[in-house]
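Here the structure comes first, spelled out in structure tokens, and everything after it is commentary.
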Amino acid sequence: MLALVAVLYARGLVALRRRGIRWPVWRIAGFYVLGLGSYAWISFGFLGAYSAELRWAFTTRIALLLVAVPGFIGLGKPVALARLALGEAAVARLDRFLDSWLIRLTGNAVFEPIFTFALFMMFLTPLSGVVRGSLAGQWGVSILIPVIGLLTVIPIIENTTRHTSFFVSVEFVLAFAAFVFDAIPGILLRINEAVLDGVGAVPGVVPGWFPNPLRDQQLSGDILWLLAEVLDVPVLIILLIRWNKVERRESKSIDDLSDEEVEALTRAHLRGSGLTHRD
């Protein structure tokens, strides 16, 4: 999957070069070095190697794949690149996908913190132990979690959905509330005195630095608590930037109206509110 994504992005860059369009070098570096590089480091490095044995490696891996990796990939603006590199028919299909109910759902900034909270709560159940100890579960984490993260983060970063300033304000308030709620799973993991996933000590000979199951769970809670707070901050910043852009766009659209059009909109608003407008 990693190689396929790298090749597709490279093909888009080649298509742009043929059309005489220069793509910013820092976006290319962000996509390959920070985006795909962080995915490789997380999946094939320490976290990937010990994800099945250590709870804290497992939870850290999922949290980073869900938010950090998609955010770094978003620096490369893959959707904007695709719009410029693809033909009209392909762009039309891309637009239909971006306008689908799935993207409208996941691209809503409210979805990401709710989904993140629900996913992190899984760590408090035996399902966490099943997924962590299963080969299929480990593959699912490597593939599904980043894909879901991309579906939630990319629409926000690339602003593929059109919202009013009021809607974005509501998103910001709910995302700020989630800033508090997302820490709850980590806190519960940290303070609980029982091993919640029902999995005992790692069998066989293990390195001396391996923690016991309860300490492993506590470390998992500490890291998850920290990441839940840190990883929500970029979403809040992006929403603030998007609200500012939407506000400027709406203000400009009103400024461009003539006095007659403003008067007509005012009358329509008053009629819709059940009020009458008197000169």
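The values are calculated or read from the model by the stated rules, or taken from the named source; none is laboratory data. Values in this document were obtained by computation on a predicted structure and should not be read as measured data. So basically every Cβ, Gly included, is an ideal-geometry build from the backbone, and we count neighbours across all protein chains shown. Heavy atoms of the whole protein, side chains included, go into the accessibility calculation; ligands, DNA and RNA do not. Shrake-Rupley method; radii C 1.70, N 1.55, O 1.52, S 1.80 Å.
Here is a check on your reading of the model: is residue 117 among the aromatic types (Phe, Trp, Tyr), crowded, with 16+ Cβ neighbours inside 10 Å and under 30 Å from residue 200 (Cβ atoms)? Answer is yes for this residue.
Whenever a residue of segment 46-69 is more than 15 Å from residue 115 (Cβ to Cβ), its partners that are outside any helix (DSSP H, G or I), lying with C-beta atoms within less than 6 angstrom and at least six residues away or across chains, give the pairs 53/202; 57/50; 57/51; 58/51; 61/51. Taken over segment 72-92, residues that are farther than 16 Å from residue 12 by Cα and either free of Cβ contacts under 8 Å to residues at least 24 places away in the same chain or surrounded by 23 or more Cβ atoms within 10 Å (Cβ to Cβ) (or both) amount to 1.
Could you please let me know if residue 93 is of a type in the set (Lys, Arg), over 23 Å from residue 121 (Cβ atoms) and at pLDDT 90 or above? Judged against the criteria, residue 93 is a match. Which of the residues belonging to segment 124-160 are polar (S, T, N, Q) and surrounded by 15 or more Cβ atoms within 10 Å (Cβ to Cβ)? 128, 138, 142, 152, 159, 160 - these are the residues of segment 124-160 that are polar (S, T, N, Q) and surrounded by 15 or more Cβ atoms within 10 Å (Cβ to Cβ).
Based on what the data block shows, is residue 52 of a type outside the set (Ser, Thr, Tyr) and either outside any helix (DSSP H, G or I) or open to solvent by less than 50 Å² (accessible area, probe 1.4 Å) (or both)? Here the answer is yes, as residue 52 does meet what is asked.
Pairs linking a residue in segment 1-26 that is of a type outside the set (Val, Ile, Thr) to a residue that is open to solvent by 50 Å² or more (accessible area, probe 1.4 Å) and assigned to a helix (DSSP H, G or I), with Cβ atoms under 6 Å and 6 or more positions apart or on different chains, are 16/84. Please go through segment 191-227 and give me each residue that is farther than 15 Å from residue 57 by Cα and in a helix (DSSP H, G or I), ordered by number. If the condition is that a residue be farther than 15 Å from residue 57 by Cα and in a helix (DSSP H, G or I), then 191 is the only one that fits. Just wondering, is there one or more residues in segment 96-105 that are open to solvent by less than 20 Å² (accessible area, probe 1.4 Å) and not in a helix (DSSP H, G or I)? Looking through segment 96-105, none of the residues is open to solvent by less than 20 Å² (accessible area, probe 1.4 Å) and not in a helix (DSSP H, G or I).
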